[in-house]
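Chemist: Let me begin by handing over the structure; questions about it come next.
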Amino acid sequence: EPEVTQTPSHQVTQMGQEVILRCVPISNHLYFYWYRQILGQKVEFLVSFYNNEISEKSEIFDDQFSVERPDGSNFTLKIRSTKLEDSAMYFCASSERGQGANVLTFGAGSRLTVL
Amino acid sequence: AQSVTQLDSQVPVFEEAPVELRCNYSSSVSVYLFWYVQYPNQGLQLLLKYLSGSTLVKGINGFEAEFNKSQTSFHLRKPSVHISDTAEYFCAVSTYTGRRALTFGSGTRLQVQP
């Protein structure tokens, strides 16, 4: 069964450092998403991406965050200068066109720990 | 804007007993509804979805849910749980217009005891 792949599975970084989280969505999917889950809390929407541009973002997704689809397969989330409160599990997801656009397939997540 | 409420943060239940995890939503437009399961230290797996058609939807692992528009609910049920069902369960909503991205509830931890 096709799956969304995320790397790294766990990253530890110092406060103020830049971090890039990588995702390979399902190959025929057109919509891409990033969510985060702070330990013990709900899953929160960050950003959605379609047709090479951001289609929607939440208030969490401020100027410290950016997303990019640098080639035909990867979808990345960059945090420019990490803060302690950025420590969380980050989930990438993708979905296909039409009504299937609302059915998201999630990756296993990348755990970010900011020290 | 849509929102999801999962009133029960934890539900302890004995093995082979039935269980219902409650989910209520709020939205000004028509919705799609989902249940995702998160096993310890794993990602989110789609359990079942309601997009249209029959209001009773069946998912994986013997779970089912019923969409009740008048009560704005989408409760998850299983007639007989197993130890392996111990996990966090998230209800989520999206809309065809407006926000397409999923809005999640706060989750319900199902703890199945022997």
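Chemist: Does at least one position in region B:70-87 carry a residue that is within 13 Å of another protein chain (Cβ to nearest Cβ) and open to solvent by less than 50 Å² (accessible area, probe 1.4 Å)?
Modeler: No, region B:70-87 contains no residue that is within 13 Å of another protein chain (Cβ to nearest Cβ) and open to solvent by less than 50 Å² (accessible area, probe 1.4 Å).
Yes/no per residue for (1) open to solvent by 20 Å² or more (accessible area, probe 1.4 Å); (2) small (Gly, Ala, Ser):
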site	(1), (2)
A:Gly16	yes, yes
A:Ile20	yes, no
A:Tyr33	no, no
A:Ser87	yes, yes
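Chemist: Let me ask something else. Which numbered condition trips up A:Lys78, out of (1) surrounded by 17 or more Cβ atoms within 10 Å (Cβ to Cβ); (2) farther than 18 Å from A:Asn102 by Cβ?
Modeler: In the conditions (1) surrounded by 17 or more Cβ atoms within 10 Å (Cβ to Cβ); (2) farther than 18 Å from A:Asn102 by Cβ, A:Lys78 misses (1) alone.
Chemist: Could you pull out the residue among A:Gln11, A:Gln41, A:Gln64, A:Gln6 that is within 20 Å of B:Gln42 (Cβ to Cβ), open to solvent by 40 Å² or more (accessible area, probe 1.4 Å) and at pLDDT 95 or above?
Modeler: Testing whether each residue is within 20 Å of B:Gln42 (Cβ to Cβ), open to solvent by 40 Å² or more (accessible area, probe 1.4 Å) and at pLDDT 95 or above leaves just A:Gln11.
Chemist: Whether any residue in region A:9-18 is in contact with a Phe, Trp or Tyr (Cβ under 8 Å, 6 or more places away or on another chain) and within 13 Å of chain B (Cβ to nearest Cβ) is what I want to check.
Modeler: no
Chemist: Picking from B:Leu44, B:Leu48, which residue would you name as being open to solvent by less than 30 Å² (accessible area, probe 1.4 Å), within 17 Å of A:Glu44 (Cα to Cα) and among the aliphatic types (A, V, I, L, M)?
Modeler: Residue meeting the stated conditions: B:Leu44.
Chemist: Turning to a different aspect of this structure: All but one of (1) touching a residue at least 60 places away in the same chain (Cβ under 8 Å); (2) open to solvent by 40 Å² or more (accessible area, probe 1.4 Å) hold for B:Asn61, so report the exception by its number.
Modeler: Going through the list (1) touching a residue at least 60 places away in the same chain (Cβ under 8 Å); (2) open to solvent by 40 Å² or more (accessible area, probe 1.4 Å), B:Asn61 breaks only (1).
Chemist: Quick test of your reading of the structure: B:Ser94 fulfils all but one of (1) within 11 Å of chain A (Cβ to nearest Cβ); (2) of a type outside the set (D, E, K, R); (3) part of a loop (DSSP other than H, G, I, E, B). Name the failing condition by number.
Modeler: It is condition (3) that B:Ser94 fails.
Chemist: Related question: With the requirement that a residue be open to solvent by less than 80 Å² (accessible area, probe 1.4 Å), among the aliphatic types (A, V, I, L, M) and under 30 Å from A:Ser58 (Cβ atoms), what does region B:1-22 give you?
Modeler: B:Val4, B:Val11, B:Leu21
Chemist: A further question on this structure: Give the residues of region A:68-110 that are facing another protein chain (nearest Cβ under 9 Å) and closer than 28 Å to B:Asn41 by Cβ, sorted by residue number.
Modeler: Result: A:Met89, A:Phe91, A:Ala93, A:Ser95, A:Asn102, A:Val103, A:Leu104, A:Thr105, A:Phe106, A:Gly107, A:Ala108, A:Gly109.
Chemist: Another question about this same structure. Checking B:Pro40 against (1) more than 8 Å from chain A (Cβ to nearest Cβ); (2) under 13 Å from the mean Cα position of the chain (by Cα); (3) of a type outside the set (A, V, I, L, M), only one condition comes out false. Which one?
Modeler: For B:Pro40, the exception is condition (2).
Chemist: Taking region A:72-97 only, how many residues are of a type outside the set (D, E, K, R), more than 21 Å from A:Val43 (Cα to Cα) and in contact (Cβ under 8 Å) with a residue 40 or more places away in the chain?
Modeler: Of the residues in region A:72-97, 3 are of a type outside the set (D, E, K, R), more than 21 Å from A:Val43 (Cα to Cα) and in contact (Cβ under 8 Å) with a residue 40 or more places away in the chain.
Chemist: Separate question: Which residues, taken from region B:50-80, are in contact with a strand residue (DSSP E or B) (Cβ under 7 Å, 6 or more places away or on another chain) and closer than 11 Å to B:Glu20 by Cβ?
Modeler: The answer is B:Phe63, B:Glu64, B:Ala65, B:Glu66, B:Ser73, B:His75, B:Leu76, B:Arg77, B:Lys78.
Chemist: Working carefully through the options B:Thr55, B:Thr95, find the one that is surrounded by 14 or more Cβ atoms within 10 Å (Cβ to Cβ) and on the phi < 0 side of the Ramachandran plot.
Modeler: Among B:Thr55, B:Thr95, only B:Thr95 is surrounded by 14 or more Cβ atoms within 10 Å (Cβ to Cβ) and on the phi < 0 side of the Ramachandran plot.
The values are calculated or read from the model by the stated rules, or taken from the named source; none is laboratory data. Model, not experiment: these values are computed from the prediction. In this analysis, Cβ positions are derived from the backbone assuming ideal geometry, glycine residues included, and neighbour counts consider all displayed protein chains. These accessible areas exclude ligands, DNA and RNA; they are computed on the full protein's heavy atoms, side chains included. Shrake-Rupley method; radii C 1.70, N 1.55, O 1.52, S 1.80 Å.
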